[in-house]
């Protein structure tokens with residue numbers, strides 16, 4: 001006995017009646033701290049076969065949530081392991097644990113793949129890896145300063161980031177009209193001054 005085909009729904013974007021549960025590659029979704037978490041290729045998500053628009057319903061969301069959580073934790077473990085390897089070239093793991101407020105041996109366990117690091121810890125490790133010599137010194141200095149003296153001083157604006165001030169044009173006094181050879185010439189400011197323009201017309205009339 002043949003199974004009935006899945007009824008396809010109408011897509012609200014392109015109008016085609018081509019929406020049904022589909023698998024796919026290259027699909028991503030925002031999940032917790034990650035803006036583009038890859039969606040497992042075997043997860044069925046209602047999607048339009050014509051324009052590709054996806055429609056997450058309760059069924060697909062329920063099956064997707066645990067898979068995303070597992071992929072997220074695996075990503076955190078990988079990022080933590082890579083960060084620990086980078087920082088270990090600049091500081092011992094014990095000193096790093098002390099500066100981060102971690103228990104002794106915790107980084108070693110994470111390095112071995114034992115345990116799930118928090119997103120906050122992975123974020124700290126990632127920032128330290130951007131410039132380990134400089135960031136590690138800044139972290140040590142942060143904890144050495146008194147409670148109310150650790151905020152950094154205001155950075156003076158650089159030449160390229162100075163606040164913009166509107167410049168006012170300096171008003172140039174009206175220049176007198178110049179007559180030469182019976183011909184009156186106006187300067188650039190005459191065209192903007194009605195009083196000067198009228199005196200020019202008067203001089204032309206008198207010459208005629």
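Exposure proxy for 51, 129: other Cβ atoms within 10 Å of each Cβ, ordered fewest to most, give 51, 129. Site pair residue 56 and residue 130 shows an inter-label distance of 2.8 nm when each label is modelled 7 Å from Cα along Cα→Cβ.
Segment residue 95..residue 145, full-extension length gain: 16.2 nm, with 0.36 nm per residue of separation and the alpha-carbon distance subtracted. Relative to the current alpha-carbon distance between residue 73 and residue 102, full extension at 0.36 nm per residue lengthens the span by 8.5 nm.
Calculate the FRET efficiency for residue 109 and residue 17 from the Cβ-Cβ distance with a Förster distance of 35 Å, rounded to the nearest 0.05. Plugging the Cβ-Cβ distance into 1/(1 + (r/R0)^6) gives 0.05. Fully extending the segment from residue 85 to residue 36 would add 15.1 nm, taking 0.36 nm per residue of separation and subtracting the current Cα-Cα distance. Between residue 29 and residue 153, what is the FRET efficiency for a Förster distance of 41 Å, r being their Cβ-Cβ separation, to the nearest 0.05? Here the calculated transfer efficiency is 0.50.
Read-outs throughout are calculated quantities, based only on the coordinates presented, and are distinct from any laboratory measurement. Small disclaimer: the values here were computed from a predicted structure and weren't measured. Here Cβ is always computed from backbone atoms with ideal geometry, including for glycine, and neighbour counts include all displayed protein chains.
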